[in-house]
Amino acid sequence: MALLNKSKRIDISVNGVKISAIENSNLIDSIKEAGIDLPTLCYHKDLTPNGSCRLCMVEVEERGKKKLVTACNYPVRAELNVNTETEKVKRHRKNLAEMYLGRWPNVPVIQEIAEKCGAVDKEKYKSDLTDENPKACILCTHCVRACDEFIQEKILGFAGRGYKRNVNMPFQKVDPHCVGCSSCAFVCPTGAISIDDNLNHPVNPEMIRDHGMKVNAEMATLDPYQCRMREVGTANIVEVMDAYDLLPVMNYKYGQHKDTPKMDSKVMKAKYFTQGHPDQCWHGCSMACAKAVEHFELKTGPYKGDKVIVDGPEYETAAGGSNMGCFDLDFIVEYNFYCDTYGLDTISYATCMAFVMECYENGIITKEDTGGLHLPFGATNDALEVLHQMARGEGFGLEFGQGIKYLKEKWAKKCPEKAQFIRDIGMEAKGLEYSEYVSKESLAQQAGYTLAIKGPQHDEAWLIFMDMVNNQIPTFEDKAEALYYFPLFRTWFGLYGLCKIVWNDVAPKDNSMKYPPQQAAKIPDHVYNYWKFVEGMTGRELNEQKMLDESARVHNLQKIMSIMLGKGERKDDIPPYRAMGPVTVEEYESRVLRYDKQLKDNGIDIEGKTSEEKVQLMKDFRYEQYRKVTDAAFTRRGWTLEGVPKIERLKELGIDLPELVEIVKDKQ
């Protein structure tokens, strides 16, 4: 999710009007903010400015020196006095406008510019080059830049020189790599490019294009300064989670580690990821967040010695490495490849292995249990051997493949004196292993994980960023409301087969200023884009209530199916304590100042208490907080306090079918 914009501001003067400009922003933005409409042809708000038309020339005074600059690509880095209407500037613009008018006299955008600049003589620069076509290409470079910056394809470019200069595809042939994204047509100011966008018969292709292009533009202009998804994909989150003490380390005991820089996105980009070409889940996606490692030589397993292409690693796979105490990127890429090859989930493998490693270090299991494998944290080679055994269906790998739920119950019976510890550190709920985020400091994420119908994965409710990083849901009430809205919103994506990442991994630059924190967390402008996409395709107008109701029907149906299968009530929504707080004295003391303060701030007397006693006090407090947020979330969803959908809620949603009512009627 995009970090909030906290840019430094610089005071400048535009024609005597004081403006507070964002440092390194282009001068034209501040001029527009002052209410001044500069003439431009090459400038487009969503494209990197290049200053080629020269119409936006203004005079700036900096440190007592005056000069003419193009406002579209002049960065604000110091206090400035700006004048947009000096005689010299006006003469310059008028002369340019007359040249453009002589070349393209009938193009409406040229006529508008000429009128604005006081250029009325169409004959002054008329020549053999004059093009009377009202939809002529004016060489503004919009389409070339959009192809490069929006979709990263570089299919369009300039051919020829001087008066023969024109826009074309390579060798003047239709390039098969063109995905028909329509970016070029969208930014073309003259209509010189037209697109057939009715191939799958949408109701309103213009609506789809208009709102889709907003996403493309934000990726081109904002992603480099926000999450860098195009550059490193979801791996950008590694260093963010480490900085905020949320990166899982050694079975979620800790949230950061001194060795994290060995596996962060900077190292991945420098030494692993293939660079220089967009890599997308589907061809044409402007986010292009998929990444790959090429020519990687495998060190173990059936393909040992082969050089392969590895899809990833994504954040969760890298964080799985730290969760196992393994900060070696070669190991992370190798286990990534073999999980993909064997058809296994990297998250479940890593979380289960982290649990096994902690049990091994605590003497709950030994080499006798693991078939001779040595499995403390950081045991990369033997961890890979377990992965290969699991694929072959033999040895300890066969047992490991049953998952944490199976293993912790087996080992709890084997070591009854450590049964509670085993259950506290076994990071699964509803049989599903936890995703790779430390949730113990985020009440919203604790409930978001465990109340998720499928179990603790962030598909339904990924609230940790807005809770712990951007601090957008600080109060108890904010968290409860988020636990209603976001599971429904994220379920809605799946109903339409839409990607969630472009919703919140780039955010409009004014999002945090335009909306209060709780509303900003939803990124309303992006939600609106999704509604308009659906409306453009289907003709059905959406709003927040319609969207939530659509999703709530499916969400409640999923919940009732879980109840039917015996796994959907409150007793199934209790997380292992490691997901909620410090299980061991070692964990508590690693954050002792934070934890002591939390207990004191909540009126809990810790004077003279031992660390063991404080661990128990914290456990009691955290469980009580979890109980309260669960009550609030269930109430907000229209469920009983045992997590069963109320019949009246089913009626509100129009899904009170006899078969569904029969399942829940005795649990009201």
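The values are calculated or read from the model by the stated rules, or taken from the named source; none is laboratory data. Since the model is a prediction, treat every value here as computed from it, not as a measurement. Please note: Cβ atoms are built from the backbone with ideal geometry, for glycine as well, and neighbour counts cover all protein chains shown. Side chains are part of the model used for accessible areas, which takes the heavy atoms of the whole protein and leaves out ligands, DNA and RNA. Shrake-Rupley method; radii C 1.70, N 1.55, O 1.52, S 1.80 Å.
Contact order normalised by length for the chain, with contacts defined as Cα pairs under 8 Å and 6 or more residues apart; what percent is it?
With pairs under 8 Å counted, the relative contact order is 10 percent.
Using only Cα atoms, figure out Rg for the stretch 9-85 and give it as a multiple of 2.2 N^0.38 Å.
That ratio works out to 0.98.
Taking 0.36 nm per residue of separation and subtracting the Cα-Cα distance, what length does fully extending K271 through E132 add? Let's see the in-between values first.
Values: separation 139, 0.36 × 139 = 50.04 nm, distance 5.38 nm.
Gain on stretching K271 to E132: 44.7 nm.
Using 5 Å bins from zero, what percent of all Cα-Cα pairs in the stretch 73-225 falls into each bin?
The percentages, shortest bin first, are 1, 8, 13, 15, 16, 16, 14, 10, 5, 2, 0.
Rank these by accessible area, largest first, 1.4 Å probe: D656, D620. Before the final figure, lay out the partial values.
Working: D656 65, D620 85 Å².
I get D620, D656, largest accessible area first.
If you stretched the chain out fully between V120 and R54, how much longer would it get, using 0.36 nm times the residue separation minus the C-alpha to C-alpha distance?
Length gained, V120 through R54: 21.9 nm.
Provide the per residue accessible area, probe 1.4 Å, for the chain, rounded to a whole number of square angstrom. Provide the component values of the computation, followed by the final result.
Values: 30070 Å² over 668 residues.
For the chain, the solvent-accessible area averages 45 Å² per residue.
Whole Å is fine, so just give me how far the alpha carbon centre of the stretch 210-232 lies from that of the stretch 73-109.
Cα centres, the stretch 210-232 to the stretch 73-109: 29 Å.
Which of K500/K522; K258/K600; K253/K619; K571/K628 have a Cα-Cα distance over 22 Å? Present the calculation step by step, with values, prior to reporting the outcome.
Values: K500/K522 12 Å; K258/K600 30 Å; K253/K619 15 Å; K571/K628 15 Å.
Flagged as over cut-off: K258/K600.
So if I restrict to the alpha-carbon atoms in the stretch 181-235, what is the Rg, and what is Dmax, the biggest pairwise distance, in Å?
Cα-based Rg and Dmax for the stretch 181-235 come out at 14.0, 41 Å.
Using the Cβ atoms and a cut-off under 15 Å, what net charge is assigned to the surroundings of P516, where Lys and Arg are +1 and Asp and Glu are -1?
Overall, the nearby charge balance is -3.
Between K32 and R63, how many nm apart are label points set 7 Å from Cα along the C-beta direction?
Going by the 7 Å Cα→Cβ label model, 3.0 nm.
To make sure I understand the rule: partners must be aspartates and glutamates, Cα under 16 Å from the Cα of K154, and not fewer than 8 residues away in the same chain. Which ones qualify?
Cross-link targets: D175, D279.
Among DSSP beta bridges whose residues both lie in the chain, state the antiparallel percentage, nearest 5. Mind showing how you got there, number by number?
Values: 28 of 30 bridges.
Among the beta bridges of the chain, antiparallel pairing accounts for roughly 95 percent.
So if each residue of separation counts as 0.36 nm, and I subtract the Cα-Cα distance between Q558 and R77, what length gain in nm does that give?
Using 0.36 nm per residue and subtracting the Cα-Cα distance, I get 167.7 nm.
Estimate the FRET efficiency between V203 and E586 by the formula 1/(1 + (r/R0)^6), using the beta-carbon distance for r and 51 Å for R0, to the nearest 0.05. Don't jump to the answer; show the numbers that get you there.
Working: r = 60 Å, r/R0 = 1.18.
Efficiency, from the Cβ-Cβ distance: 0.25.
By average Cβ neighbour count within 10 Å, what is the ranking of 426-434, 9-17, 338-346 from highest down?
With the highest mean Cβ count within 10 Å placed first, the list reads 426-434, 338-346, 9-17.
Could you tell me what fraction of 2.2 N^0.38 Å the Cα radius of gyration of the chain comes to, as a two-decimal ratio?
Computed over Cα atoms of the chain, the ratio equals 1.13.
With the Cα gyration tensor of the stretch 487-667 in hand, convert its eigenvalues to equivalent ellipsoid semi-axes via √(5λ) and list them largest first in whole Å. Kindly include the intermediate steps, with their values, before the conclusion.
On the way: eigenvalues 281, 135, 34 Å².
Taking √(5λ) for each Cα gyration eigenvalue gives 38, 26, 13 Å.
Quick one: 3J(HN,Hα) in Hz for the stretch 183-191, Karplus 6.51/-1.76/1.60 with θ = phi - 60°, rounded, Gly and Pro as x.
4, 4, 5, 5, 8, 5, x, 10, x
Within the stretch 342-378, what residues put their amide N at less than 11 Å from the label point 7 Å along the Cα-to-Cβ vector of K262?
Label zone hits: 378.
At a Förster radius of 41 Å, what calculated FRET efficiency corresponds to the Cβ-Cβ distance of D11 and V109, to the nearest 0.05?
0.75
Using the beta-carbon distance between L498 and A243 and R0 = 41 Å, what value does 1/(1 + (r/R0)^6) give for FRET efficiency, to the nearest 0.05?
Calculated value: 0.85.
When the Karplus curve 6.51 cos²θ - 1.76 cosθ + 1.60 is applied with θ = phi - 60°, which whole-Hz ³J(HN,Hα) does each residue of the stretch 437-446 get, with x for Gly and Pro?
For the stretch 437-446, the Karplus curve yields 9, 7, 9, 5, 9, 10, 4, 4, 6, 4 Hz.
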